[in-house]
1. For the range 106-136, give me each residue that is farther than 18 Å from residue 6 by Cα and surrounded by 20 or more Cβ atoms within 10 Å (Cβ to Cβ).
2. Identify the single condition in (1) at pLDDT 80 or above; (2) more than 19 Å from residue 15 (Cα to Cα) that residue 136 does not satisfy, given that it satisfies every other one.
3. If I filter the range 78-87 for residues that are in contact with a helix residue (DSSP H, G or I) (Cβ under 6 Å, 6 or more places away or on another chain), surrounded by 14 or more Cβ atoms within 10 Å (Cβ to Cβ) and at pLDDT 85 or above, do I get at least one hit?
4. Of the residues 109, 113, 58, only one is under 30 Å from residue 30 (Cα atoms) and at pLDDT 75 or above; which?
5. I'm told residue 4 meets every condition in (1) modelled with pLDDT under 85; (2) within 16 Å of residue 112 (Cβ to Cβ); (3) surrounded by fewer than 18 Cβ atoms within 10 Å (Cβ to Cβ); (4) in contact with a helix residue (DSSP H, G or I) (Cβ under 9 Å, 6 or more places away or on another chain) except one. Can you identify the failing condition by its number?
6. Does residue 35 count as part of a helix (DSSP H, G or I) and either surrounded by fewer than 17 Cβ atoms within 10 Å (Cβ to Cβ) or at pLDDT below 85 (or both)?
């Protein structure tokens with residue numbers, strides 16, 4: 001994936017955070033397990049916080065002060081996103097698999113941006129976001145293992 005400017009990359013990230021938040025809210029309405037509902041709600045809230053942090057970076061001028069890096073950036077994302085997003089008819093396992101890949105892709109995006117903008121004022125934001133996305137993935141992996149791996 002290539003971005004012509006850091007602003008373009010951040011707008012893309014904002015759209016992905018919004019998409020993730022909406023998916024987690026949709027999933028929250030699908031699952032019946034109370035613990036799963038809470039987890040999905042917490043993940044949706046975290047994605048909203050990420051979106052706000054990115055919007056704030058655009059608003060407060062953090063992005064304008066990056067400097068020292070070339071404008072164009074290419075981030076390599078694995079082609080691991082499921083072809084079809086879960087629907088109301090998806091199984092809990094389908095939803096979990098999709099969420100796991102979604103978090104991995106978010107981590108890859110932020111980690112790639114962090115590496116590209118290392119040493120700039122925007123690096124700490126991308127570092128924090130990549131760490132949080134990896135934490136989300138670990139939480140989901142733990143839940144996946146405790147709910148689905150026992151049947152395999």
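The values are calculated or read from the model by the stated rules, or taken from the named source; none is laboratory data. The shown structure was predicted, so the numbers you read here are calculated from the model rather than taken from an experiment. Cβ atoms come from the backbone with ideal geometry, glycine included; neighbour counts cover every protein chain shown.
1. Taking the range 106-136 first, the residues farther than 18 Å from residue 6 by Cα are 131-136.
Correct list: 133, 136.
2. Of everything listed in (1) at pLDDT 80 or above; (2) more than 19 Å from residue 15 (Cα to Cα), residue 136 misses just condition (2).
3. no
4. Values: 113 fails: under 30 Å from residue 30 (Cα atoms); 58 fails: under 30 Å from residue 30 (Cα atoms).
After ruling out the rest, the residue left standing is 109.
5. (4)
6. On the way: part of a helix (DSSP H, G or I): yes; either surrounded by fewer than 17 Cβ atoms within 10 Å (Cβ to Cβ) or at pLDDT below 85 (or both): yes.
In short, yes.
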